[in-house]
Amino acid sequence: MNLWINFLLFGIYPYICLSVFLIGSLIRFDREQYTWRSGSSQLLRRRQLMWGSNLFHIGILVILMGHTGGLLTPLFIFEALGISHTFKQLLAIVIGGIAGVMCLVGLVMLL
């Protein structure tokens, strides 16, 4: 039972979510093109909100790219570049920590 739940949550569910996201985005873009706009009313006029928004988005993008690059890059590529596993982990902790703090500070400023 536990193996089946693990397979469902980590083997099937992410692909269902990704499919719904992509297909839903394409359908919305096809049917309602003019609802895709970045009209922010007056949300980003205050300087503090602009800083918070930039910090949050930069932090979350660095975290996303780090997870994508770190998890999807095969180990032999790191070995071919002469990067040890320990250095890779240390780099992930330092850069991920900085990006996490940026994201948290931006989120607190926005809230």
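Quick notes on this one:
- Condition check for F21: at pLDDT 85 or above and open to solvent by less than 90 Å² (accessible area, probe 1.4 Å): no
- The stretch 89-109 residues that are in contact (Cβ under 8 Å) with a residue 60 or more places away in the chain, paired with ones that are open to solvent by less than 80 Å² (accessible area, probe 1.4 Å) and assigned to a helix (DSSP H, G or I) (beta carbon under 9 Å, 6 or more apart): M109/L49; M109/G52; M109/S53; M109/L55; M109/F56
Conditions (1) at pLDDT 85 or above; (2) open to solvent by less than 100 Å² (accessible area, probe 1.4 Å); (3) under 18 Å from A99 (Cβ atoms); (4) not in a helix (DSSP H, G or I), marked per residue:
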| residue | (1), (2), (3), (4) |
| --- | --- |
| I27 | yes, yes, no, no |
| G39 | no, yes, no, yes |
| G59 | yes, yes, yes, no |
| G66 | yes, yes, yes, no |
| E79 | yes, no, no, no |
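- The stretch 56-88: number of residues that are hydrophobic (A, V, I, L, M, F, W, C) and in contact (Cβ under 8 Å) with a residue 12 or more places away in the chain: 5
The values are calculated or read from the model by the stated rules, or taken from the named source; none is laboratory data. Please read these numbers as outputs of a predicted model, since none were measured by experiment. Ideal geometry is used to build each Cβ from the backbone, glycine not excepted, and the neighbour counts take in all protein chains shown. Only protein heavy atoms, including side chains, enter the accessible area calculation; ligands, DNA and RNA are left aside. Shrake-Rupley method; radii C 1.70, N 1.55, O 1.52, S 1.80 Å.
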